[in-house]
Amino acid sequence: MKLKFNLTVIFWSFFLMAFAQPEKVAVKDGTWTFTQYASNIIKISFKPNGYITNENVSDAVIKKPVQRISIPVIAEGDIVYVGDHKKIKISAPAKKDEFNSFDIILNDSEKIFGGGERALPLNRRGYKFNLYNNPSYGYGEGAENLNYSVPFFTSSNGYGLFFDNPSKGYADIGKTNSNIFEAGFVSGELNVYVILGKDYKEILSSYYKLTGTQPLPPRWALGNLMSRFGYSSQAQVENILDSMKKQDIPVDAIIFDLFWFGDSIKSTMGNLAWIDKNKWPDPAGMIRGFRKQNINTILITEPFVLQSSLNCEVSKQYYAIDSTGNPYLLTDFYFGKGGLIDIFRKDAQQWFWSKYKEQMKIGVEGWWGDLGEPEKHPSNMYHNLTDLGFKRLFKADEVHNIYGHTWTKMLYTQYAKDYPNKRLFSLNRSGFAGSQRYSIFPWTGDVSRSWSGLRAQLPVILGMSMSGVPYVHSDAGGFAGGEGDNELYVRWLQFAAFTPIFKPHGTALDSVDKNSFSFPSEAALITEPYRTYAKNIIDLRYLLLPYNYTLAYKQTKYGEPLIAPLYYYYPKDTTAVNVGDEFMWGENILVAPVLHKDEKEREIYLPEGKWYNFNDTSSVQGNSWINEQADIYKIPLYIKAGSIIPTWLHIYQDTFTSTTDYNSLKGVEISYYPSEKRSQGILYDDDGHTKNATGEIISFEAVTKGKMVTMNISTNKKQLYQKGVIRKFRIKVIYPITYPIVTAMLNGKRFKNVPLIYSVENYNQYATFNEIDIKFNGQPVNLQMSFSQ
């Protein structure tokens, strides 16, 4: 320790020092507190003198602190330096209007990413936006303040910043002052976690270690979720499903909007029951019928209860309150007069949960939480956090960003108690840092059904993924307004097929609201030839099920993103960091969606290495821009050389119907895209629904040397094969031209019948590859294939 006094400065320096944490340092204007959580994570808090709202009501951080501080930290009065060579300079929070604001000094070339849902460029430098969950109806490009704020940011200079404060705030990232990042909050503990890392992967992985990864979803969640605003009767939804079946379009779930509990958009919220027996004569029977077809039912709920609803009187005791302690009555809420459930109270949670239980008894499998920002949350509303250990009442602005998070946590916790072996599907649109632990699947809000709305989804979804929210997705096809643009619908579905959740959803109110433009979200109701294009991309989504499910496992296990911008995997590529209209689906597939109407050609940037065109297997060298014809029936996809990609081998039936048909023992194809560098890949497999399953990891390793391809296969669960279990794999080697297999050796023994070259017409082009079927009994496999050229 080094201690120096003078009239104005108290200087504390500690470096590689061991002591019991946290360490407190008093300075003129307040007190610094330093707490280390890992070798690269340190929490820095500052409490100004006289500051009386210093409570931390967040549960975002689950990692425990360590007992020594080893990160270089120097405190000089109201300035703290973190890292070697004073890498990061942070000023103590100063009062700016209603906010207490940190200042972080930025370098001239520094880029800042993250901050949650923003339809802004991925590099948020030069922008100022609110940290306040906010609905935005019909938004498009440039929308700054959307439904889901996460105060986690990463810097191109090798660090991340997480402000664990769910109160109303803002981030000014060099807009007011080009070299200062301001982050301000109206209340709560004033803190920032500094996460050091050599690249974006290490920083994001460390953030997940701090706040937790997402549990594995039920496998059906990765299928096609049929949805619209909204199904208005049992007959209607059954007829639409019948159309989907007749067109051989697979469906894994049906999502019901607010008409399940009422026959109008307004005045019915809070009923939480099937009240219209004419339109919904047999909900339980309907849900059973879906279940027999392996289709899951998902219902919408909201945290508002209206005066005109069935639950008005009984629920008033659970409302958030006004300054006099009486239930707060919202008089200007769009859906009608009513109250907001005080979700922070245990008794309110139990009452709300009882409504969920009633519907799960008749077979409901998943839930949709809407308006959870909350959409209407006046600043003079108060919440009771006594059950969380806090004695005073909290104003709405102090807990606004954690409301949806607490709602989701309640649902996850109660579901785990009553259904301990099942995985929860919880669709929502608002939350906070750490919400991913509660099995959330956020959509990007009420986007406009327009090309601008489609283009806005890339920065929104990619920004959220880099903010630690892994399963964000959009209403595929667009939600609000529109002109019935079939091309837009197809292009949006092509994009959505490579996002974590595939959920076509839009406004189609039919007879409920004749003044609202309606356009079906279900592919079976789209006119030809667009229906066929939509079906083809849905089938491709199902084809990739083993790959996608493995991505889900990697997120749970290692904190890897499912979807990521190019800069995440290519941090040193000065071109990739500025590309915002492409992305990586896992680390193997580069996706370049078509984002403009009547676009005839797509310019695509490919990072370093060799890349294979998914649609025709041609190859091209990276570190280059290329142009590809933008035919409407396909989406440009490129596979990185060396990739080993598991797909659903679909040879045992004519069509996909749902993910329940998937049998990993019989139907997995392993596609290898040759590379002279040694490549590795995995297939993760379990039963697809059991919570905390410890599944099997099948590992593949491959390399190409001249005319020889060698692949090794092994498993971490040999005991699974002790009773004669056999897996069947089809090994596919991709080549851009005709290179037939001459010989193949399996564990040193020669195949007697080697399949010849196999070509298929794909999008009017010929894709070329070789295939060999093998059996796997849990013992290590060595496969060698020699080619004619």
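The values are calculated or read from the model by the stated rules, or taken from the named source; none is laboratory data. All values reported here derive from a predicted model rather than from experimental measurement. We place every Cβ from the backbone using ideal geometry, glycine too, and count neighbours over all the protein chains shown. Accessible surface is based on the protein model in full, side chains and every heavy atom, while ligands, DNA and RNA are left aside. Shrake-Rupley method; radii C 1.70, N 1.55, O 1.52, S 1.80 Å.
A few notes on this one:
- Qualifying residue in segment 749-771 (condition: at pLDDT 90 or above, out of contact with any Lys or Arg (no Cβ under 6 Å at 6 or more places or on another chain) and over 22 Å from Trp648 (Cβ atoms)): no
- The set of residues from segment 124-175 being hydroxyl-bearing (Ser, Thr, Tyr), in a loop (DSSP other than H, G, I, E, B) and crowded, with 21+ Cβ neighbours inside 10 Å comprises Tyr148, Ser167.
- Segment 651-695 - residue that is under 24 Å from the mean Cα position of the chain (by Cα) and in a strand (DSSP E or B) and, of those, surrounded by the fewest Cβ atoms within 10 Å (Cβ to Cβ): Thr690
- For segment 319-344, the set of residues classified as over 35 Å from the mean Cα position of the chain (by Cα) and exposed (fewer than 14 other Cβ atoms within 10 Å of the Cβ) consists of Ser323, Thr324, Gly325, Asn326, listed by residue number.
- Residue in segment 370-380 that is closer than 23 Å to Leu131 by Cβ and touching a Gly at 6+ places or on another chain (Cβ under 7 Å) present: yes
- If you go through segment 529-560 and pick out every residue that is within 22 Å of Gly681 (Cα to Cα), part of a helix (DSSP H, G or I), open to solvent by 40 Å² or more (accessible area, probe 1.4 Å) and not aromatic (Phe, Trp, Tyr), you end up with 3.
- Checklist (1) within 27 Å of Val469 (Cβ to Cβ); (2) open to solvent by 20 Å² or more (accessible area, probe 1.4 Å); (3) assigned to a loop (DSSP other than H, G, I, E, B) applied to Ile71, failing item: (2)
To keep it simple, each residue is scored yes or no on (1) under 28 Å from His689 (Cβ atoms); (2) open to solvent by 30 Å² or more (accessible area, probe 1.4 Å); (3) out of contact with any strand residue (DSSP E or B) (no Cβ under 8 Å at 6 or more places or on another chain); (4) outside any strand (DSSP E or B).
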residue	(1), (2), (3), (4)
Asn615	no, no, no, yes
Trp625	no, yes, no, no
Glu628	no, no, no, no
Asp631	no, no, yes, yes
Pro646	yes, no, no, no
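- Residues that are open to solvent by less than 70 Å² (accessible area, probe 1.4 Å) and part of a loop (DSSP other than H, G, I, E, B) within segment 696-725 comprise Gly706, Lys717, Gly724, Val725, listed in sequence order.
- Segment 176-199, residues that are open to solvent by 10 Å² or more (accessible area, probe 1.4 Å), in contact with an Asp or Glu (Cβ under 6 Å, 6 or more places away or on another chain) and not hydrophobic (A, V, I, L, M, F, W, C): Glu182
- A search for C-beta distances below 6 Å between a residue of segment 32-58 that is more than 14 Å from Lys209 (Cα to Cα) and any residue that is assigned to a strand (DSSP E or B) and open to solvent by 20 Å² or more (accessible area, probe 1.4 Å), counting only pairs 6+ apart in sequence or on different chains, returns Thr33/Lys24; Phe34/Glu23; Thr35/Lys43; Ser45/Thr33; Lys47/Thr31; Asn54/Lys47.
- Assessment of segment 389-405 against the conditions (outside any helix (DSSP H, G or I), small (Gly, Ala, Ser) and open to solvent by 50 Å² or more (accessible area, probe 1.4 Å)) yields at least one matching residue.
- Scanning segment 561-579 turns up no residue that is closer than 26 Å to Pro250 by Cα and open to solvent by 10 Å² or more (accessible area, probe 1.4 Å).
- Selected residue (criterion: most open to solvent (accessible area, probe 1.4 Å)) from residues of segment 349-378 that are part of a loop (DSSP other than H, G, I, E, B) and without any contact (Cβ under 8 Å) to a residue 60 or more places away in the chain: Lys361
- Failed item, numbered, when Asn588 is tested on (1) at pLDDT 95 or above; (2) in contact with a Phe, Trp or Tyr (Cβ under 6 Å, 6 or more places away or on another chain); (3) farther than 16 Å from Leu493 by Cα: (2)
- Qualifying residue in segment 567-584 (condition: closer than 30 Å to Gly468 by Cβ and in a strand (DSSP E or B)): yes
- Residue that is least open to solvent (accessible area, probe 1.4 Å) [pool: residues in segment 77-123 that are without any contact (Cβ under 8 Å) to a residue 60 or more places away in the chain and assigned to a strand (DSSP E or B)]: Val80
- Out of Gly445, Gly463, Gly478, sole residue that is open to solvent by less than 10 Å² (accessible area, probe 1.4 Å), under 28 Å from Lys201 (Cα atoms) and part of a loop (DSSP other than H, G, I, E, B): Gly445
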